[in-house]
Amino acid sequence: MDDMKPQNIQMSAQQTQKLSPDFDHLPQKPKRNKYAFGCAILASMTSILLGYDVGVMSGAGPLIKDDLKISDVQLEIIMGIINIYSLLGSAAAGRTSDWVGRRYTIVIAAAIFFIGALLMGFATNYAFLMVGRFVAGLGVGYALLIAPVYTAELSPASSRGFLTSFPEVFINTGVLLGYVSNYAFSKLPLNLGWRFMLGIGAIPSVFLAIGVLAMPESPRWLVLQGRLGDAKRVLDKTSDSKEEAKLRLADIKEAAGIPEDCDDNVVQVSKRSHGEGVWKELFVHPTPTVKHILLAGVGIHFFQQCSGIDAVVLYSPKIFEKAGITSKSDKLLATVAVGFSKTIFILVATFLLDRVGRRPLLLTSVGGMIASLATLGTCLTIIDHSEKKVIWAVALAITSVLSFVASFSIGLGPIAWVYSSEIFPLRLRAQGTSMGTAMNRLMSGTISMTFLSLYEAITIGGAFFLFMGVAIVSWVFFYTLFPETQGRTLEEMQVLFGTFFKWRSTMRELEKNKHVSKEDGNSNKSGQIK
C-alpha cells in the first residue's frame, strides 16, 4: 500500500503526460458516451427497489397497524428494520462482487428482493411480515452497494459524477412510485391494500435481473481477474476516446500491480488481488490516505441519514397530520408532492455534478437543509402550542418539507453515493464502499425506528431542531475534510487524500505539477518533469 501515500504527487503529474495533445482538451467539452450512459441506467435501476420500499411503507404502515393490530413501537420496527437487515446485504455484497463480479451481484440483488417482496405481499401476520422484510433487506443492501460501485468503475472521468448520481435518481423514482402505489391501492379493502402495495414491488425486480444480463462486466474487476483483453474491449466502448481508454487501462493495471508493458489477453494475478487482506488494509494497518478516505466515505453516509431524510420520507403523512392536514386523501397527495420534489431536484443535481463540482453542491445543499429544518421545527412548534389553526404556519411547514427534500436531493443525497464510490483505491473499492453503505443503512434504520418515540419525547418540532444541529455539524465536517474530486481519474484520488485538514495545499501542489508537466510536454516530448 506504499503507492497510496499522499506525498507521491509527482506520479499523477507524470501520468498526465501520457495524454496526447488532443486528449488534454477532452474535459472541456466531452461527448456523452451513450454506451456508458445505458449501462449506468441499467445498473442504477436496482436502486428503485430501496426507494419503492421506503415510499410505499409511508402509506402501507398505518394500514398494517390497523389490519394486524400492532402498537406504535411495532410499527416503528417494521418500518425501519429493513435498513438494519440491509446491513448484512451490503456487507456481503462487497465480497460477493469481488468474487462473482459486479454484474452478477446486481442480478443477485434483484433476485433476493423479488423473493422478499412476494413474502411481504403474502404475509398473514406480523412475524411472517418480518421474515419478508428480512429477505427484502438483504436485496436492498446488495443493490445499494453495487450500483454506484459498478457505475463509477465503468464511467469516464468527464461524466462520472453525472452517471454515478443515477442510483440516487432511481431511489427517488422508487420513492415516487411508492407514493403513487399508496394512493392507487388505498381504496382497496384494508387487508388487501397494504399487501398489494408491498407485493407489487416484485415486478420491477424481474425486469432488472433480465436487463442487467445485457451489461458488460466492470473493466476494473476484469483487470483484477487478469482478463486484460476483456477489460480493454469494455474500456474502448465506455471511454471518451481511444487515448483515454489506453490511459484508464494503464492506470488500472498499475493499481492492480500488473506491469504496464503486459499486453496479454489473460494474465496471472496475485491472490491478494481477489479481495484477501482488504480488511487488514482498511482497519488494521491503514495508511494516512486510507484513513482519510475511510473517514470521508463513511462520514458522508453517517451525516446523510442523520439529517433526518428518512424520517421525513417515511413519516410524511404523520408530519402533515401534525401540520394540520387531516384528510387521508390529502395527506397521501401531499406525500406524492414530496416525491415529485425529490425526483425533480435530483435530476437537476445530475446535470450539475460534473459542471459545478461536488463541494459547492454539497455545501449549498446542506445549507438549504439547515434553513429548511429550522423553519419546519419553528412552524411545527407554533402549531403545537396554538389552540387555533395557524394557516400561515401550516403553509410554511408544508413548504419547508418540500424545500428540505429538494435541498437534500440537489446535493447531499446523490453526492454521498458519488463521492464514496469514487474515492476508494481499486483494491479497496468494493469492500470500502460497503462500509459506507453499512453506515448509511445503520443510521437510516436507527432514525426510522426511533422517530415516533423521539418526537413524543421532545416534541415533533424539537426532533427537527435536533436534525438541524446534526446538519450544522455535517456542514463543518464537509467544509474542512472534503477535497474536490470533479474530473479526477479514480486512480488519481489517492493523491488528494492523506493530509486531512491540509488537503488544500496538496491540491495546489498537484495543480502546479500538472501545469509544469504540461509545459514540459510542450517543450520536451520525453514527458519527464525536471
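The values are calculated or read from the model by the stated rules, or taken from the named source; none is laboratory data. Remember, predicted model here, so these are calculated numbers, not experimental data. Here Cβ is always computed from backbone atoms with ideal geometry, including for glycine, and neighbour counts include all displayed protein chains. Protein only, heavy atoms only, side chains kept; ligands, DNA and RNA dropped before computing areas. Shrake-Rupley method; radii C 1.70, N 1.55, O 1.52, S 1.80 Å.
Looking only at residues in region 410-431 that are open to solvent by less than 10 Å² (accessible area, probe 1.4 Å) and not in a helix (DSSP H, G or I), which one is nearest to N83 (Cα to Cα)?
Residue satisfying both the conditions and the ranking: G411.
Can you tell me which residues in region 238-272 are among the charged types (D, E, K, R) and part of a loop (DSSP other than H, G, I, E, B)?
Filtering region 238-272 down to residues among the charged types (D, E, K, R) leaves 240, 242-244, 246, 248, 251, 253-254, 260-261, 263-264, 271-272.
Once the filter is applied, which keeps residues that are among the charged types (D, E, K, R) and part of a loop (DSSP other than H, G, I, E, B), region 238-272 yields D240, E260, D261, D263, D264.
So how many residues does region 247-264 have that are open to solvent by 30 Å² or more (accessible area, probe 1.4 Å) and either under 22 Å from I146 (Cα atoms) or without any contact (Cβ under 8 Å) to a residue 24 or more places away in the chain (or both)? Before the answer, list the steps.
The first filter runs over region 247-264 and keeps only residues open to solvent by 30 Å² or more (accessible area, probe 1.4 Å), leaving 254-255, 257, 259-261, 263-264.
Those left that are additionally either under 22 Å from I146 (Cα atoms) or without any contact (Cβ under 8 Å) to a residue 24 or more places away in the chain (or both): 255, 257, 259-261.
Of the residues in that region, 5 qualify.
Those residues that are under 14 Å from G137 (Cα atoms) and at pLDDT below 85, I need them from region 90-119; list them, please.
So the first thing to find is which residues in region 90-119 are under 14 Å from G137 (Cα atoms), and the list is 90-93, 108-119.
S90, A91, A92, A93, listed by residue number.
Have a look at S434, S448, S474 and point out the one that is of a type outside the set (A, V, I, L, M, F, W, C), closer than 30 Å to A256 by Cα and either touching a residue at least 12 places away in the same chain (Cβ under 8 Å) or open to solvent by 10 Å² or more (accessible area, probe 1.4 Å) (or both). If you could, list the steps in order and put the result at the bottom.
Details: S448 fails: closer than 30 Å to A256 by Cα; S474 fails: closer than 30 Å to A256 by Cα.
So the residue among S434, S448, S474 that is of a type outside the set (A, V, I, L, M, F, W, C), closer than 30 Å to A256 by Cα and either touching a residue at least 12 places away in the same chain (Cβ under 8 Å) or open to solvent by 10 Å² or more (accessible area, probe 1.4 Å) (or both) is S434.
Give me the helices (runs of 4 or more DSSP H) completely within region 1-83, filtered to those with at least 1 residues that are modelled with pLDDT under 80 and open to solvent by 10 Å² or more (accessible area, probe 1.4 Å), ordered by residue number. Reasoning before the result, please.
Working: elements: 9-16, 34-44, 48-68.
Fully inside region 1-83 and qualifying: 9-16, 48-68.
In this structure, is L154 touching a residue at least 24 places away in the same chain (Cβ under 8 Å), open to solvent by 10 Å² or more (accessible area, probe 1.4 Å) and in contact with a Leu (Cβ under 9 Å, 6 or more places away or on another chain)? Step through it out loud before you land on a result.
On the way: touching a residue at least 24 places away in the same chain (Cβ under 8 Å): yes; open to solvent by 10 Å² or more (accessible area, probe 1.4 Å): no; in contact with a Leu (Cβ under 9 Å, 6 or more places away or on another chain): yes.
When the stated conditions are applied, L154 does not pass them.
Quick check on S270: is it buried (at least 16 other Cβ atoms within 10 Å of the Cβ) and at pLDDT below 85?
no
Quick check: is even one residue across region 390-398 open to solvent by less than 10 Å² (accessible area, probe 1.4 Å) and either under 17 Å from the mean Cα position of the chain (by Cα) or at positive phi (or both)? Steps first, please.
First pass over region 390-398, keeping only residues open to solvent by less than 10 Å² (accessible area, probe 1.4 Å): 393, 397.
Retained after the next criterion (residues that are either under 17 Å from the mean Cα position of the chain (by Cα) or at positive phi (or both)): none.
Checked region 390-398: no residue is open to solvent by less than 10 Å² (accessible area, probe 1.4 Å) and either under 17 Å from the mean Cα position of the chain (by Cα) or at positive phi (or both).
It is to be established whether one or more residues within region 364-378 are open to solvent by less than 40 Å² (accessible area, probe 1.4 Å), free of Cβ contacts under 8 Å to residues at least 40 places away in the same chain and part of a helix (DSSP H, G or I).
The first filter runs over region 364-378 and keeps only residues open to solvent by less than 40 Å² (accessible area, probe 1.4 Å), leaving 365-370, 372-374, 376-377.
Pick out the ones that are also free of Cβ contacts under 8 Å to residues at least 40 places away in the same chain and you get 372.
If we keep only those that are part of a helix (DSSP H, G or I) too, we end up with 372.
Yes, region 364-378 contains at least one residue that is open to solvent by less than 40 Å² (accessible area, probe 1.4 Å), free of Cβ contacts under 8 Å to residues at least 40 places away in the same chain and part of a helix (DSSP H, G or I).
Do we have G139 as more than 28 Å from Y419 (Cα to Cα), in a helix (DSSP H, G or I) and either of a type outside the set (V, I, T) or without any contact (Cβ under 8 Å) to a residue 40 or more places away in the chain (or both) here? It would help to see each step written out before you state the result.
Details: more than 28 Å from Y419 (Cα to Cα): no; in a helix (DSSP H, G or I): yes; either of a type outside the set (V, I, T) or without any contact (Cβ under 8 Å) to a residue 40 or more places away in the chain (or both): yes.
Considered against the rule, which asks whether it is more than 28 Å from Y419 (Cα to Cα), in a helix (DSSP H, G or I) and either of a type outside the set (V, I, T) or without any contact (Cβ under 8 Å) to a residue 40 or more places away in the chain (or both), G139 comes out as no.
Could you check, for region 395-409, whether at least one of its residues is assigned to a helix (DSSP H, G or I), touching a Lys or Arg at 6+ places or on another chain (Cβ under 6 Å) and touching a residue at least 40 places away in the same chain (Cβ under 8 Å)? If you could, list the steps in order and put the result at the bottom.
Just the residues of region 395-409 that are assigned to a helix (DSSP H, G or I), to begin with: 395-409.
Next, from what is left, pick out any that are touching a Lys or Arg at 6+ places or on another chain (Cβ under 6 Å): 405, 409.
Filter once more, so that each one left must be touching a residue at least 40 places away in the same chain (Cβ under 8 Å): 405, 409.
Taking every residue of region 395-409 in turn, at least one turns out to be assigned to a helix (DSSP H, G or I), touching a Lys or Arg at 6+ places or on another chain (Cβ under 6 Å) and touching a residue at least 40 places away in the same chain (Cβ under 8 Å).
Which count do you get for residues in region 280-298 that are out of contact with any Gly (no Cβ under 8 Å at 6 or more places or on another chain), of a type outside the set (K, R) and open to solvent by 10 Å² or more (accessible area, probe 1.4 Å)?
So the answer is 6.
Residues being assigned to a helix (DSSP H, G or I), of a type outside the set (A, V, I, L, M) and without any contact (Cβ under 8 Å) to a residue 40 or more places away in the chain: count how many of those fall in region 105-136.
The first filter runs over region 105-136 and keeps only residues assigned to a helix (DSSP H, G or I), leaving 105-121, 126-136.
Filter once more, keeping what is of a type outside the set (A, V, I, L, M): 105, 113-114, 116, 121, 126, 128, 132-134.
Now restrict to residues that are without any contact (Cβ under 8 Å) to a residue 40 or more places away in the chain: 116, 128.
Summing the residues that are assigned to a helix (DSSP H, G or I), of a type outside the set (A, V, I, L, M) and without any contact (Cβ under 8 Å) to a residue 40 or more places away in the chain in region 105-136 gives 2.
Of the residues that sit in region 307-359 and are under 27 Å from W392 (Cβ atoms) and among the hydroxyl-bearing types (S, T, Y), which one is surrounded by the fewest Cβ atoms within 10 Å (Cβ to Cβ)?
Per the criteria, the residue is T326.
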